[in-house]
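Report on the following structure.
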Amino acid sequence: MLFHYAALNIRSLLKNRLGIFLLIFISEIAAALCILFSYGLVMKMQDDGREQERTASFYSYELPGTAGLRERFGELKNVMINDISSYDAMIEVKDENGVTHKAWIIPDSPGQMLDQTGIYVLDELGHLIKNGSVKLNGKDCKVIELCDNHHIISDFKIPEILLTDDMQGLRLDIKLKPEIRPTAETVDYINSVAARIFGGTPLYNPKPADLMEKQQNNTFYAYAFVIVMIAVMNLAMYFRYIVGLRKKQIRILTACGATTDMVKNIFLIENLIELIAGYLTAFLVFRLGLFRLLLNFYPGFEDYYSGKVYLMTFAIFAVGSALILMLLISPDIRRAVSAGKEK
Amino acid sequence: MKNKLYYSLMIFLSKPGMSLFIAFELFILIFAANFALGQYNSKTMLYEPVAGYIERQGFVVQEAPMLPPPVNDPAEYRSEDGTVIITDDASAPAEHPKISDLLKDVDVMTLRHFFIGEFDITVLPDDVFDKLRLPVSEGRLFKSSSTDDALRVIITPNTKGYKAGDTVTLPQQTSDSSDGTVSLGADLDIKISAVLTDPTYIMHFSYSYDMSYENMYMNYDSSYYRDQFFCYTCQSELDRCHAAGELVNDDMTSLVSFRNDVSDEEYDAAKAALQKNGYTVTDNSLILENSRNKLEDNFRKLLPAVAVFGVIVLIGIVSCSVIGTKTMLKKLSIFYCCGATKGSCIAVSVGQTVITGIIAVIASTAATLVFTYSRLSDKFGFVFRTNNLLMSAGMILGAVLISAAAPTVLISKADPRELLTETAEE
C-alpha cells in the first residue's frame, strides 16, 4: 500500500514536474558519486600512510651474485655484527623466485653475553637457534651452521643460494625493528656496512617525512568530508522542497486516516526507490567513465573497489540520506499532518 | 534601478534560507579552490626563490670533498670507480680551489654555511631569502632589511628547545678548520625569528642514496635528523652583524648559472674544471625537471578532488536557483500584476543573485583575512597571489551567471496570471 503511494508520487513527479525530478535525480547521482570517490580517496590516503609507515625503516639493496655473497658471509665474523646489529636489524633476502628469507641479526640477546658474534636466527619465541631443528611458520626447518656461529635456516633455501650455484638478481632487504627509528646517521651507517659487507647497491633507503605529502593528505581528508557534506546538503534541500510541494497531498492523506508515520514511510520508500536508481546510474557512470580518468591521477585506485565496497557505500548512502530525510522533513510532515487534521 | 535593488533585497530578506545556502556553497567552493591554489603557490615557492638562477643554463656543484685531491698524485686519492676517498692524511694540501675562483665569469649562487657552536647556519643571497615561503610553527619569516643588533635566523624544529623569539649569545669560538668552526672577534647574538614546521624543507639540494642531487630542497624531519638542526639567514643580515669573510667557512653547495648563453665548449670546460678538482656536478635542467615533476605530480592529485567539488557545487547552485526562483515566482507575479514588466522581474531576480554573490565574496574575503592574520597561512605556508584573485573573480562571475540563467528562463516562460490563480486556489 505504502509502496503503491510512493510509486504514484514518483509517477506524478515524472509527469508534472519532470525538471524538478531530474534535478533531484542528478543530485542523487552526484551524491552517490561523491561517496564512491571520497571512499577511494580516503582509502588511498590511508594506504599511502601505511606504505610510508612500512617503508619508513626499510632498506633495500641489489646484491652481487651468490658467489660474492658466500665470500662476504665468510667475512662477517667480528665485523658485520658489531656494525649492523647495533641497529637490531632484520635481514630479508629474496631469491630470484621472489621467496623471502628472514633472519634477525642481533649481537647479543638482552641480558646475555655471547662469546662470538655472527648472524643469529631466532625462532618465533625469540629463542636463539644454533643447531638442530626448529619449527618456523609451521614448518620443520633445519638450522645449518655456515661458519663459526653463522646460522641459517635450511628450509628457507638460503644455504642452497649461498653454497651452490652462483645466482644473480638477489635483493637484500633490511628492516629495522619497529621500536627503532631510522635517522640520517643510521641510514649512512647501514649503507656503508651493507656496501662493505654485502657489496650491495642501495635501491631504497628510509627517508624523512615529506611536508608536501603530509599537507596533501590532510587536504584530501578535508575535501572528502566537505564534498560529501555539500552533496548531502543539496539532497536535504530538495527533500524539504518536495515536502513543501506536497502539503496539499499530505492533508488529503491525513483526512483519509493516514498517520504521521505512514506519511513519513511513503516519503522514505519513495526516497529509497530514487536512491536505488540514482546509485545504479552513479555506479555505471563511475565504472564506465570516471574510474578510468581517476586511474590516471591515482594509480592503484582500482584496488579499493570491490562488490562488497559498492554494497557498503550504497548502505551508507541509503541509511545516511534516510536519516537526513527524516531529520529534516519530520517537522514539516508533522506540521502538514496537524494542519490536515485541524481542517 | 534603485527600486529593483530594493525589491531584490526585500525578496532576499523575506526568505533568505535558499540564497544563503547558495552563498554558503559558493563560499565553500571559492575557499576550497583557493586553498588548493594557495597550496600550489606555496609549493612553487620551493623553486621560485632560486628560479632566476636555476632556469638558466648551469649546474649544481655538490659539496666540496672534505679534502682536496692532491696536486702531485691524484690517483692515490681515488678509488677504482672514481669515488674520492676521504682521508685523514695530514700531508694533503690544505687549500682547496673555491668554486668562485674556478668559475670567474659565471654567475654563482652559493649556499654558504658556517658553524657557531652547535648552530649550523646557511647564508642565502637576499633575493633568494626574501622569496622563501616555508611554513612556520612559531614566529614569522623576516625580510632581509633590518635594524636589529642580533643576527636573525630561521631555524628548523629541534630537540634543543630553541623557540621563536629566543636570543642566544654565543661566546668567542676557537679556531678549528677541521670541523668548520672559525674564530670570532666578539660574542655574537643570534635571534631566532621563526621555527619551521616539522617536517619541513631545507634549502639544500637534496641528494639520494648515491649522493646525486635530484631536487632543490631536502626533506627535514626532526626525528630523522635527531639533534641536528639547521638555520638560515641572508647575506645582508650577516654583513650587518659581522665581517662575513671571517665567519663563512666554505662553499657548501653552489648553484652555478651562466649569465649569458654559452657555447657547449665553454660549458664543458667549466664543468671539467670543477670535476677535475673533485667536485660532483649535476645539470640544472635535471634538478629543475625533477622538482617541477614533483610539484606538478602533487598538484595533479588535487585536481580530481577540486573538479568533483566544482561539479557538486555547480549542481547545488543550479538547483538552488531553480527552486529559489520557483518559490519566488508567486511574489514576482504580484509585481507583474502591479505593472512591472517581465524584464523588471528578471532584473529583481538577478539582483537577488548578485546579493547572494556579494555575500559569498564578503564571506570568502573575511575567511581569507582571518586565515592570513591569524597566521594560519604561515602555518600552512600558503601563498595567496594574483592568480587566487583572478580565479575567485571568475568563479563568482560564473556562479552569478549560472544562478541568473535559471530565473531568467523560468520567469520568461511562466505566465504570472496562472501562477496567481494557482496561489489563490491553494
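The values are calculated or read from the model by the stated rules, or taken from the named source; none is laboratory data. As the structure is a prediction and not an experimental result, all values here were calculated from the model. Ideal geometry is used to build each Cβ from the backbone, glycine not excepted, and the neighbour counts take in all protein chains shown.
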Restricting attention to the stretch A:5-38, the residues that are of a type in the set (V, I, T) and more than 17 Å from B:A307 (Cβ to Cβ) number exactly 3
B:L20 vs. criteria touching a residue at least 40 places away in the same chain (Cβ under 8 Å) and closer than 22 Å to B:R300 by Cα: no
Return the pairs, sorted by first residue and then second, in which the second residue is charged (D, E, K, R), the first residue lies in the stretch A:279-299 and is within 13 Å of another protein chain (Cβ to nearest Cβ), the beta carbons are less than 8 Å apart, and the residues are 6+ apart or on different chains. A:A282/A:E28; A:F291/A:E302; A:L295/A:E302; A:F297/B:R300; A:F297/B:K301; A:Y298/A:K44; A:Y298/B:K301
Restricting attention to the stretch A:20-47, and to residues there that are surrounded by 14 or more Cβ atoms within 10 Å (Cβ to Cβ) and more than 22 Å from A:M312 (Cα to Cα), which single residue is farthest from the other protein chains (Cβ to nearest Cβ)? A:F21
B:K342 meets each of (1) surrounded by 19 or more Cβ atoms within 10 Å (Cβ to Cβ); (2) in contact (Cβ under 8 Å) with a residue 40 or more places away in the chain; (3) more than 13 Å from every other protein chain (Cβ to nearest Cβ) with one exception, condition (1)
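Quick one: is B:F382 surrounded by 20 or more Cβ atoms within 10 Å (Cβ to Cβ) and not in a helix (DSSP H, G or I)?
Values: surrounded by 20 or more Cβ atoms within 10 Å (Cβ to Cβ): yes; not in a helix (DSSP H, G or I): yes.
Considered against the rule, which asks whether it is surrounded by 20 or more Cβ atoms within 10 Å (Cβ to Cβ) and not in a helix (DSSP H, G or I), B:F382 comes out as yes.
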Being charged (D, E, K, R) and assigned to a strand (DSSP E or B) narrows it down to one of B:R133, B:R112, so name that one. B:R112
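Name the helices (runs of 4 or more DSSP H) wholly inside the stretch B:1-63 in which the number of residues that are within 14 Å of chain A (Cβ to nearest Cβ) is 3 or more.
Numbers: elements: B:2-14, B:16-44, B:48-54.
Here the list reads B:16-44.
Listed here are the residues, each with its yes/no results for (1) part of a strand (DSSP E or B); (2) modelled with pLDDT under 85; (3) buried (at least 20 other Cβ atoms within 10 Å of the Cβ).
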residue: B:V128; (1), (2), (3): no, no, yes
residue: B:V168; (1), (2), (3): yes, no, no
residue: B:S178; (1), (2), (3): no, yes, no
residue: B:G185; (1), (2), (3): no, yes, no
residue: B:D189; (1), (2), (3): yes, yes, no
residue: B:D198; (1), (2), (3): no, no, no
Taking only pairs six or more apart or across chains, which ones have beta-carbon atoms under 6 Å, a first residue in the stretch A:318-334 that is under 17 Å from A:E28 (Cα atoms), and a second residue that is not in a helix (DSSP H, G or I)? none
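Given the criterion in the same structural domain as A:V337 (by TED's automatic domain parsing), crowded, with 18+ Cβ neighbours inside 10 Å, in a helix (DSSP H, G or I) and not β-branched (V, I, T), identify the matching residue among A:A315, A:A231, A:A258.
Details: A:A315 fails: crowded, with 18+ Cβ neighbours inside 10 Å; A:A258 fails: in a helix (DSSP H, G or I).
Exactly one of A:A315, A:A231, A:A258 is in the same structural domain as A:V337 (by TED's automatic domain parsing), crowded, with 18+ Cβ neighbours inside 10 Å, in a helix (DSSP H, G or I) and not β-branched (V, I, T), namely A:A231.
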Would you check which residues across the stretch B:223-255 are assigned to a loop (DSSP other than H, G, I, E, B), more than 22 Å from B:V60 (Cβ to Cβ) and either at pLDDT below 60 or β-branched (V, I, T) (or both) and list them? B:A243
Would you check which residues across the stretch A:226-266 are aromatic (F, W, Y) and at the interface with chain B (Cβ under 9 Å from one of its Cβ atoms) and list them? A:Y238, A:Y241
